[in-house]
Amino acid sequence: MDKFVIHKSSLKGSVEISGSKNAALPIIAATLLTDEECKIHNVPCLSDIKIMIKILEVLGKEINFEKNTLVIKTKKKKNYTAPYRLVKTMRASFCCLGPLLAKRKKAKVSLPGGCIIGTRPVDLHIKGLEELGAQIRVENGYCEAKAKNLKGKRIYLGGPFGSSVLATANILMAATLAEGETFIEYAACEPEIENLALFLKKMGANIEGEATPLIKVKGVKTLGGCELEIIPDRIEAGTFIAVSLATNSPLEIKKANPDYLTSVMEAAKKMGASIDVSKESSIFIKPPRNLNPVNITTLPYPGFPTDLQAQFMACLSKAAGVSLITEKIYPDRFMHVAELNRMGALIQRTGPYAIVEGRQNLYGAEVMASDLRASAALVIAGLGAERKTQVLRVYHIDRGYDRIEEKLKKLGAKIKREK
Ligand code: UD1
């Protein structure tokens, strides 16, 4: 297993943001809605994307991935089972269920199972598809669904923690080929859903209201092939904002689409950073010498993303004062607290809250990455800490960050990948 060896660094220059992982994954699944060829550009080269490609190959697609473009064709022999050995490694693969069911009338997708950031149920996915008329059986770890004809309906998709991104994606995809009109109430408004809706519209779907909590879908008979560019990864861009704050380094973050990052830039400004955005989608950030403490609450978009909570916690560990972080999406997403404390941070967790008492310096240690975003937080902490930090199990970071150490090195970071 690889590890990162990191030393305190001062960075400068510009970094280019890759395509969004969370937009690309459901869009790749959406190609199951057609037998025609689809081309998807600006796809990041990540292990999660490679897993999704493997799943689609099992399901009867022929895929070529070169220079960040995916060309997806359909083989003669099709399948409708997404096996456990692949699905267990990535939850997003569950969003093959909706398109498989809509196009091939039956689907068998392994249940994704537990996750280090807490329980992650799929009840909303199942409820939504059942309301469209699917018969669903959960047995032996698999979710088996069939439906002769899906029928449009008014579906309330809110859960105990608000909207669900992938449940919205699953129901939206299934509804494109359902008979009549579907209204998805309490739909997720994330930019990744908007990107998916654009892809579906290019395929010929009839969708209104994406990026709002009420999406209206008028079912069509068939969908065709199309071409689309994946939006920039707002979580990667936000991670580089955190890198800048933690290392006191001015950075230009290119191809970031600042419109997706208002809540994050707002937090950075409250911490004392000055931020400018350009028409060409760049973010220029100049951090203050000493970070102000700030209170952060994670919420569905356009609120502060849970996927940046850990990275900002790493920054706030060095702020001049006490910050309160409230996690409203995944109340148990705090595995990084103990690791940051091993680096000298003073963080106390109680339930969905973390109280972060900032201190001037963190100190390098050997720390363990527990999940994708937590590993990014440890890298950020390491770049701003005195002495050597070793982050173990960096395969987590490879799931979601395209060439992270290459990008950091180009900015001047002292980071090395070792076996
Ligand atoms: C997506 C993102 C993930 C991000 C999360 C929240 C992808 C591939 N992943 O995950 O990076 O952290 O959104 O922004 O896009 N819930 C239920 N029942 C369900 C589904 C979800 O109760 O059937 C709950 C979850 O436990 C959680 C909340 O709803 O508390 C939001 O989760 P959801 O938006 O579904 O996360 P994902 O779509 O899986």
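Quick look at the numbers
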read-out	value
Surface accessible to a 1.4 Å probe, per residue, for the residues of the chain, Å²	41
Surface share of carbon and sulfur [accessible, 1.4 angstrom probe, percent] for the chain	49
Ellipticity estimate at 222 nm from DSSP helix runs (n ≥ 4, -39,500 (n - 2.57)) divided over the chain, nearest 500	-9000 deg cm²/dmol
15 Å Cα-Cα reach of K61 towards aspartates and glutamates, excluding residues that sit fewer than 8 places from it in its own chain	D35, E36, E37
Low-density loop cleavage sites - trypsin sites (Lys or Arg not before Pro) in segment 215-277, where at most 14 other Cβ are within 10 Å (DSSP)	K221
Packing rank of 125-135, 359-369, where each peptide gets the mean count of other beta carbons within 10 Å, highest leading	125-135, 359-369
Highest-fluctuation residue, P258, P293, P121 considered, GNM on the chain with Cα pairs under 10 Å	P121
Cα centroid separation, segment 143-222 to segment 279-325 (Å)	32
Links that overshoot a 31 Å alpha carbon limit, given the list K153/K279; K78/K127; K88/K148; K279/K409; K78/K328	K153/K279; K78/K328
Relative packing of peptides 44-52, 68-76, 241-249 - highest average C-beta neighbours within 10 Å first	241-249, 44-52, 68-76
Sparse-neighbour loop sites [GluC sites (Glu not before Pro); segment 261-349; at most 14 other C-beta within 10 Å; DSSP]	E280
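The values are calculated or read from the model by the stated rules, or taken from the named source; none is laboratory data. Worth saying up front: this structure is predicted, and the values here are computed from it rather than measured. Cβ sites come from the backbone with ideal geometry, for glycine too, and all protein chains shown count toward neighbours. Just so you know, the surface numbers come from the protein's heavy atoms only, side chains and all, with ligands and any DNA or RNA stripped out. Shrake-Rupley method; radii C 1.70, N 1.55, O 1.52, S 1.80 Å.
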